[in-house]
Amino acid sequence: MQGIRRCSGAADLPHLAFRPGTVCENAAVIRAVLIDAGGVMVLPHHERVTGVLRDLEIDVGADAAARAHYLGVAAIDRDPPGRAAAYLEAFATGIGVRPLDRAKAVRELQVLWSGPAIDLWSQVLDGTAEGLRTLAQRGHRLGVISNADGTVAEQLGRHELCQVGEGAGVEVEVVADSFVVGYAKPAPEIFHFALDVMGLRPSEALYIGDSVWSDVEGAESVGLTALHFDPLRLCESREHAHLASLLEVAGFVD
């Protein structure tokens, strides 16, 4: 694989220029792309959400569920200590739950989110499979780092997105599941775990995630270059670069 030089800022990244920010220093060479799972490759499935809110007469479409997720993540980034409550409150608002029904909806969503992630996080984002294949075909080393419940590797394999070793999806070198590793983002240990498996220094890898708090700040705290996955363009920060699809990543690292 050809070495990828880190660039000095978003002026050099027209495909990421909708909200520019300083991406990285000049001298390092990116050898691998590490990717979050939830919010970047898969989302909460709208039918599962509709099922638990049927009594409230809420019919959630795929686009509405996606929008609600990113609104929830933005709420977490504004209030990390109250992250669980903030996410579900924003999610309920995002799918159109009436104010009087919001407390009940949040309780129902809490039960759903407390169940197996593999059953809930099953809506694959458009462009995911193609984006992963493009990166792999161009020789980029790949890995996954996800806050999950021990099922993320099975989940990604079930959707034929990626797996460690050969399989129906794209081959990755590591799937770091927080439940398995014992540390959750933004803890540095989970990032170091993936880097150690791949034999990389932080300066040699790029990380993509949808949360400023757990992904961007967590990755940058260990020396990784971070790209914020922000398809709704909710983040106004100029301190990091943003992208809306994994299809954009190859344009950055090539």
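Every number in this text was worked out from the coordinates using simple rules, so none of it is lab data. Small disclaimer: the values here were computed from a predicted structure and weren't measured. As a convention, Cβ positions derive from the backbone with ideal geometry for all residues, glycine included, and neighbour counts pool all protein chains shown.
Computing mean projected area of the Cα convex hull in nm² directly from the structure and comparing it against [x] 17.6; [y] 21.1; [z] 12.4 singles out [z].
Rounded to the nearest 10 degrees, the inclination of helix 188-198 to the longest alpha-carbon principal axis of the chain is 50 degrees. Charging the Cβ of each Asp and Glu at -1 and of each Lys and Arg at +1, and nothing else, the dipole of the stretch 44-120 about its Cα centre rounds to 180 debye.
Which of R238, R133 comes first, and how do the rest follow, when ranked by fewest Cβ neighbours within 10 Å? Could you put the intermediate results ahead of the total?
Values: R238 13, R133 16.
By the 10 Å Cβ count, ascending, the order reads R238, R133.
Each of P99, I58, L112 was placed along the dipole of the stretch 44-120 (beta-carbon charges, centred on the mean Cα), and the one lying farthest toward the positive end is P99. With the simple spin-label model, which puts each label point 7 Å out from Cα in the Cβ direction, the A62 to R158 separation comes to 1.7 nm.
Computed from the C-alpha gyration tensor, the three semi-axes of the ellipsoid equivalent to the stretch 44-120 are 17, 14, 12 Å, from longest to shortest. Between V124 and A103, the simple spin-label model (points 7 angstrom out along Cα→Cβ) gives 4.2 nm. Among V97, V216, V73, the largest mean-square fluctuation in a Gaussian network model of the chain (Cα springs under 10 Å) belongs to V97.
For the chain, the longest piece that avoids every one of the GluC sites (Glu not before Pro) found in DSSP loops with at most 10 other C-beta atoms within 10 Å covers 58-165. In this structure, R233 and V180 have a Cβ-Cβ separation that, at R0 = 30 Å, corresponds to a calculated FRET efficiency of about 0.35. Projecting label points 7 angstrom from Cα along Cα→Cβ for H192 and V29 puts them 2.6 nm apart.
How do F193, F91, F179 rank when sorted from fewest to most other Cβ atoms within 10 Å of their own Cβ?
Numbers: F193 19, F91 26, F179 15.
Sorted ascending by nearby Cβ count, the order is F179, F193, F91.
Dipole check for the chain: with +1 at the C-beta of Lys and Arg, -1 at the C-beta of Asp and Glu, and the Cα centre as origin, the magnitude is about 300 Debye. Each of A129, A86, G157 was placed along the dipole of the stretch 76-163 (beta-carbon charges, centred on the mean Cα), and the one lying farthest toward the positive end is A86.
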